[in-house]
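The block underneath contains the structure these notes are about, expressed in structure tokens.
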Amino acid sequence: SGEAGLGRFLNAWPLARVQAFLALDVDNENNLMACKSARAHGIEHILAFTGNPVHLPDFRSLGVQALTPSLFRASLLALMARNPAIFSLLTSAEDTRDLREICLSNSDLNGVRLSHLKLPADFLVLTISRGDETIVPHGNTRLVQGDRLTILGDSEKMESVQMWLE
């Protein structure tokens with residue numbers, strides 16, 4: 001119900017708990033308005049869907065990661081091609097996995113190749129966000145302090161992995 005309704009919704013949430021905001025309406029203007037409101041409420045990680053690549057600069061000017069249908073499909077297919085087990089991991093009915101975005105602030109890991117990170121065997125780095133760029137990682141990808149890693153893994157081990165990376 002418009003920007004006022006979104007503002008009331010965002011005000012109802014404790015913002016310290018809001019880690020990411022997704023704007024997934026089919027209308028570009030609604031998504032842009034929602035992103036502006038989310039940014040005004042201090043939410044840092046915002047992702048939006050836009051059906052028209054012409055609108056990408058509008059979202060990027062807000063610091064929003066924007067995906068078009070073709071970018072989304074290509075990113076997902078590339079991710080699945082590089083990580084064949086991803087489909088079963090993402091569609092598993094098991095409740096023992098957690099998905100988190102973790103900011104790499106451990107300076108000892110700056111420049112380390114992903115293959116040398118020595119994550120637990122049941123952990124998978126799905127994407128790396130570096131500035132405005134989304135990277136589909138592979139073993140040779142070097143980590144940079146400040147990278148935001150989207151990680152899927154065992155929920156019991158996730159906290160210790162997050163503490164180590166941060």
Legend entry - Of all residues making up the range 119-153, the number that are in contact with a Ser or Thr (Cβ under 6 Å, 6 or more places away or on another chain) and farther than 21 Å from residue 45 by Cα: 1
Legend entry - Criterion violated by residue 32 - all others in (1) modelled with pLDDT of 60 or more; (2) farther than 22 Å from residue 55 by Cβ; (3) among the aliphatic types (A, V, I, L, M) satisfied: (2)
Inset, instruction - Would you check which residues across the range 59-81 are open to solvent by less than 40 Å² (accessible area, probe 1.4 Å) and assigned to a helix (DSSP H, G or I) and list them? - result: 59, 69, 78, 79
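Could you please let me know if residue 44 is surrounded by fewer than 17 Cβ atoms within 10 Å (Cβ to Cβ), modelled with pLDDT of 85 or more and either among the charged types (D, E, K, R) or in a loop (DSSP other than H, G, I, E, B) (or both)?
Details: surrounded by fewer than 17 Cβ atoms within 10 Å (Cβ to Cβ): yes; modelled with pLDDT of 85 or more: no; either among the charged types (D, E, K, R) or in a loop (DSSP other than H, G, I, E, B) (or both): yes.
No: the conditions fail for residue 44.
How about the range 109-136: which of its residues are out of contact with any His (no Cβ under 9 Å at 6 or more places or on another chain), under 21 Å from residue 65 (Cβ atoms), in contact (Cβ under 8 Å) with a residue 24 or more places away in the chain and of a type outside the set (D, E, K, R)? So that I can check it myself, show each step before the final result.
Let us first name the residues in the range 109-136 that are out of contact with any His (no Cβ under 9 Å at 6 or more places or on another chain), namely 109-113, 116-128, 130-136.
Of the ones still in play, those that are also under 21 Å from residue 65 (Cβ atoms) are 124-128, 130-136.
Add one more test, that the residue is in contact (Cβ under 8 Å) with a residue 24 or more places away in the chain, and what stays is 124-127, 132, 134, 136.
Across the range 109-136, the qualifying residues are 124, 125, 126, 127, 134, 136.
The values are calculated or read from the model by the stated rules, or taken from the named source; none is laboratory data. Fair warning: this is a prediction, and the values are worked out from it, not measured in the lab. No Cβ is skipped: glycine too gets one built from the backbone with ideal geometry, and neighbour counts run over all protein chains shown. The area values use the complete protein model at the heavy-atom level, side chains included, leaving out ligands, DNA and RNA. Shrake-Rupley method; radii C 1.70, N 1.55, O 1.52, S 1.80 Å.
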